[in-house]
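Read-outs: derived from the displayed coordinates by stated rules, not from any lab. Just so it is clear, the structure is predicted and the values come from calculations on it, not from any experiment. Ideal geometry is used to build each Cβ from the backbone, glycine not excepted, and the neighbour counts take in all protein chains shown.
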Amino acid sequence: MKASVDAHPTLGILGGGQLARMLVLGGAPLGVRFRIVDPAADACAGQIAPLLAANWDAFDKLESFAREVDAATYDFENVPAATAEWLAARTHTAPNARSLATAQDRVAEKTLFRECGLPTAEFAAVATRAELDAALGRIGAPAILKTRRLGYDGKGQFRIRSLADAGAAWQALGAQAERVGLILEAFVPFDAEVSVVAVRARDGDFRAWPVPRNWHVDGILSASLAPAPVDDVLAQAAFAHARAVAEKLDYVGVFALELFAVKGNAIHGEQLLGNEMAPRVHNSGHWTIEGAVTSQFENHVRAVLGMPLGDTSARGLSCMLNWIGAMPDRDAALAVPGVHWHDYGKSPRPGRKVGHATVCADDAATLAQRLQRLGDALGRTAQVRPVVDALVAQR
Ligand code: AMP
């Protein structure tokens with residue numbers, strides 16, 4: 001472990017995907033240097049920072065990595081707990097292993113939310129077919145059966161529309177019950193999905209970016225609009241929940257809570273339910289690169305290295321669009337005003353996040369117009385439509 005953090009500290013990142021790549025791009029202006037570890041030698045962050053190809057249990061290789069860095073963090077929450085603990089014993093590591101372990105398990109995560117006063121959908125841990133039947137008897141349908149661990153982007157999920165689907169759900173996921181565990185969750189008839197992306201410093205300073213509204217397609221984030229047109233009471237509640245969770249975990253760095261906003265009635269207004277936590281920078285915070293005073297990536301680097309945090313205020317309105325599978329036509333997009341392009345340098349593959357664009361504007365009408373133009377130019381009108389509709393409804 002190096003003795004002190006100097007003017008040009010080196011930050012190690014476990015995981016070399018697009019999040020690591022954007023952490024490098026966000027931290028470099030501060031004078032920070034980076035080292036990356038990933039099992040894949042061609043991980044995309046390796047195009048812009050030194051990358052060590054090593055498996056998570058290759059401790060002999062990780063030894064030199066740990067010696068070279070002043071602090072370490074993650075771009076990937078499923079780094080094995082044993083590796084996280086090993087690293088934490090050798091260098092300042094954030095977020096801590098407990099935060100990582102909690103976020104790796106949907107049951108632990110939802111239990112924590114409830115302890116912090118954030119309600120969740122009804123849920124039950126499921127290990128056997130009999131437990132699935134019992135859980136369905138209690139929770140009812142519709143419901144979603146998910147893997148407890150190692151699920152992402154809607155993978156490892158089965159929608160149960162009626163009790164008759166129990167057999168099909170077990171057929172789809174039962175084989176994974178022993179290895180990663182399962183959870184049954186009541187289906188939430190949400191009005192909107194929102195998230196809170198927040199950062200906590202080593203000294204406890206806590207800040208959150210304005211809440212984005214998120215649209216998913218096939219369980220994968222498609223678009224985020226920020227600041228979302230949500231009422232102030234809801235936004236303040238989201239911040240308070242995020243703060244409570246961060247303090248409970250003694251969390252350091254950026255994290256996100258994915259939330260469902262459920263329409264209330266005359267007595268109870270709109271309510272927030274916690275879905276999941278990401279112990280890292282998050283896709284619904286990519287808009288902060290151009291749309292906020294300080295991006296989630298820069299603030300994560302600052303927090304992990306013990307620097308003061310930056311202002312999380314928004315600059316105008318932003319919409320982030322994810323490019324899934326393959327990149328659309330860059331030059332057609334760049335001709336549209338307010339468009340910022342991010343190509344992660346990955347090869348195309350169905351379902352893979354290969355890039356994103358953020359469209360910025362000073363007001364809702366201009367943003368709607370630019371999005372429509374971009375959607376038309378790229379043949380992505382269906383992707384921009386819900387955001388344009390929300391912006392039009394906002395006026
Ligand atoms: P997750 O992997 O838990 O983030 O789920 C991916 C997406 O599936 C979410 O963003 C929602 O759009 C949807 N989803 C997940 N869980 C539920 C639920 N309990 N009720 C309704 N929709 C859900």
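Quick one: compute the contact order of the stretch 23-164, relative version, from alpha carbon pairs under 8 angstrom and 6+ residues apart, as a percent.
Values: 135 pairs, mean separation 18.3, N = 142.
Computed value for the stretch 23-164: 13 percent relative contact order.
Consider all pairwise Cα distances in the stretch 10-93 and report the whole-number % of them above 16 Å. Can you show the working numbers first?
Values: 1502 of 3486 pairs.
Looking at the stretch 10-93, the distances longer than 16 Å represent 43 percent of pairs.
Could you point to the residue in Thr102, Gln157, Leu305 farthest towards the positive end of the chain's charge dipole, with +1 and -1 charges on the Cβ of Lys/Arg and Asp/Glu respectively?
Result: Gln157.
Exposure proxy check: Ser99, Ser222, Ser284 ranked by fewest other beta carbons within 10 Å?
On the way: Ser99 26, Ser222 19, Ser284 29.
Fewest-to-most Cβ neighbours within 10 Å comes out as Ser222, Ser99, Ser284.
For the stretch 282-354, what class follows from the C-alpha gyration tensor (a ≥ b ≥ c being the square roots of its eigenvalues): rounded when a/c is under 1.5, otherwise prolate if a/b is larger than b/c, else oblate?
Cα axes put the stretch 282-354 in the oblate bin.
Taking the beta-carbon count within 10 Å as an exposure proxy, list Val359, Val194, Val262, Val388 from fewest neighbours to most.
Values: Val359 29, Val194 26, Val262 17, Val388 21.
Fewest-to-most ranking of Val359, Val194, Val262, Val388: Val262, Val388, Val194, Val359.
If I take R0 = 30 Å and measure r between the Cβ atoms of Asp231 and Glu115 in this structure, what FRET efficiency does the formula 1/(1 + (r/R0)^6) give, to the nearest 0.05? Can you show the working numbers first?
Values: r = 26 Å, r/R0 = 0.87.
FRET efficiency, Asp231 to Glu115: 0.70.
Under 29 Å Cα to Cα from Lys346, which lysines show up? Leave out anything in the same chain fewer than 8 places away.
Lys61, Lys146, Lys155
Taking Cα centroids, how far is the stretch 89-160 from the stretch 346-368 in Å?
29 Å
Note down the nm distance, to one decimal, between modelled labels 7 Å out along Cα→Cβ at Gln171 and at Ala89.
Roughly 4.7 nm, to one decimal.
For the stretch 305-395, what class follows from the C-alpha gyration tensor (a ≥ b ≥ c being the square roots of its eigenvalues): rounded when a/c is under 1.5, otherwise prolate if a/b is larger than b/c, else oblate?
On the way: a/c = 1.90, a/b = 1.03, b/c = 1.83.
Because a/c hits 1.5 or more and a/b fails to exceed b/c, the stretch 305-395 counts as oblate.
Once fully extended, how much extra length lies between Asn78 and Ala7, figured as 0.36 nm per residue of separation less the alpha-carbon to alpha-carbon distance? Write out the running numbers ahead of the final one.
Numbers: separation 71, 0.36 × 71 = 25.56 nm, distance 3.10 nm.
This chain segment gains 22.5 nm when fully extended.
Any chance you could check the Cα centroid distance between the stretch 1-65 and the stretch 240-264 for me, in angstrom?
Each part reduced to its Cα centre gives a spacing of 27 Å.
Let me check I've understood the local charge: for Asp363, count other residues with C-beta under 13 angstrom from its C-beta, Lys and Arg +1, Asp and Glu -1. What total comes out?
On the way: positive: Arg315, Arg370, Arg395; negative: Asp362.
Taking every other residue near Asp363 into account, the sum is +2.
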